[in-house]
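Trainee: Would you mind keeping the following structure in view while I ask a few things?
Please treat every number below as a calculation from the coordinates, not as lab data. Just so it is clear, the model here is predicted, and its values are computed rather than measured. Here the Cβ is made from the backbone with ideal geometry for all residues, glycine too, and neighbour counts use every protein chain on show.
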Amino acid sequence: RKEVEQDPGPFNVPEGATVAFNCTYSNSASQSFFWYRQDCRKEPKLLMSVYSSGNEDGRFTAQLNRASQYISLLIRDSKLSDSATYLCVVNGGSYIPTFGRGTSLIVHP
Amino acid sequence: DTAVSQTPKYLVTQMGNDKSIKCEQNLGHDTMYWYKQDSKKFLKIMFSYNNKELIINETVPNRFSPKSPDKAHLNLHINSLELGDSAVYFCASSPDGTNEKLFFGSGTQLSVL
């Protein structure tokens with residue numbers, strides 16, 4: 001089993017739709033979790049951290065389920081500018097941030 | 001002003017050559033990383049340094065040699081380049097390497113011909 005797994009997609013959704021991605025991880029001792037966004041030919045940038053109690057930042061909501069070892073990202077009211085690859089990152093211990101392969105999102109008019 | 005800068009942005013070279021990629025961060029972070037992103041867009045960690053000391057060396061050929069002269073710099077030297085080395089290489093830094101977010105450089109597109 002890969003350490004961090006994501007559905008590569010692409011998820012093709014119309015503007016205004018709600019879309020959700022999941023990411024599963026294999027290391028139950030993982031301490032911290034993040035979602036990054038990567039635009040085509042650009043570097044990854046932090047979108048949001050994921051806290052045990054769940055957290056929200058505008059249209060974005062992140063959840064952590066330790067029992068089932070997955071994190072999720074929900075995007076409400078999708079915008080064209082949300083089109084990107086969303087990378088799940090799990091920090092399994094000091095100095096080892098591990099990336100998933102990413103989920104591609106395409107928002108169309 | 002750039003927080004994490006790496007040079008060059010593009011590197012085109014012949015098989016067998018030796019090349020270097022430089023990375024500098026002005027964030028005062030203790031930890032720096034090199035990641036490789038292949039054609040399938042998978043970001044794989046190569047090395048991690050904390051305060052100039054090597055922490056992680058994943059299964060990377062020994063043709064790849066990182067050098068950290070100080071905690072603000074982490075350079076990557078590659079000997080005897082092979083076709084399979086073609087990828088985008090990202091440098092990143094984080095405050096202390098435990099559970100903090102990563103700041104990435106803009107990447108170096110390496111093409112080996």
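Trainee: If I stretch the segment between residue B:83 and residue B:44 completely, what's the gain in nm (0.36 nm per residue apart, minus their alpha carbon distance), one decimal?
Mentor: Gain on extension, residue B:83 to residue B:44, equals 12.3 nm.
Trainee: Work the Kirkwood hydrodynamic radius out for the protein assembly as shown: mean of 1/r over every pair of different alpha-carbon atoms, inverted, in Å. Could you put the intermediate results ahead of the total?
Mentor: Working: mean 1/r = 0.0555 Å⁻¹.
In the protein assembly as shown this quantity evaluates to 18.0 Å.
Trainee: Here is a follow-up. If each of residue B:3 and residue A:70 carries a label point 7 Å out from its Cα toward its Cβ, how far apart are those two points in nm?
Mentor: Result: 3.0 nm between the two label points.
Trainee: Here's a follow-up. Any idea what the alpha-carbon Rg over 2.2 N^0.38 Å comes to for the range A:39-109? Spell out each step's value before the answer.
Mentor: Details: Rg = 13.1 Å, N = 71, 2.2 N^0.38 = 11.1 Å.
Rounded to two decimals, the normalised Rg is 1.18.
Trainee: Just rank A:5, A:43, fewest to most, by other beta-carbon atoms within 10 angstrom.
Mentor: Values: A:5 16, A:43 21.
Ranked by crowding around the Cβ, least crowded first: A:5, A:43.
Trainee: Also: Roughly what % of Cα-Cα distances in the range A:1-79 sit above 19 Å, to the whole percent? If you can, show how the numbers build up before the last one.
Mentor: Values: 1226 of 3081 pairs.
Cα-Cα pairs in the range A:1-79 separated by more than 19 Å: 40 percent.
Trainee: Hey, got the Cα dimensions of the range B:1-53 along the principal axes, in Å, largest first?
Mentor: Taking the Cα atoms of the range B:1-53, the three principal extents are 36, 23, 22 Å.
Trainee: Further question on the same structure: Cα centroid distance between the range B:1-22 and the range A:29-64, in Å?
Mentor: 29 Å
Trainee: Give the order of B:34, A:35 when sorted by the count of other beta carbons within 10 angstrom, beginning with the fewest.
Mentor: On the way: B:34 26, A:35 23.
Listing B:34, A:35 from fewest to most nearby Cβ atoms yields A:35, B:34.
Trainee: What FRET efficiency do you get for residue A:56 and residue A:7 if R0 is 25 Å and r is their Cβ-Cβ distance, rounded to the nearest 0.05?
Mentor: On the way: r = 22 Å, r/R0 = 0.90.
Efficiency, from the Cβ-Cβ distance: 0.65.
Trainee: Quickly rank A:59-65, A:24-30 as a protection proxy: mean count of other C-beta atoms within 10 Å, highest first. If you can, show how the numbers build up before the last one.
Mentor: Numbers: A:59-65: 17.3, A:24-30: 15.3.
In descending order of packing, they fall as A:59-65, A:24-30.
Trainee: According to the Kirkwood expression over distinct Cα-Cα pairs, how big is the hydrodynamic radius of chain B, in Å? Don't jump to the answer; show the numbers that get you there.
Mentor: Numbers: mean 1/r = 0.0719 Å⁻¹.
Answer for chain B: a Kirkwood hydrodynamic radius of 13.9 Å.
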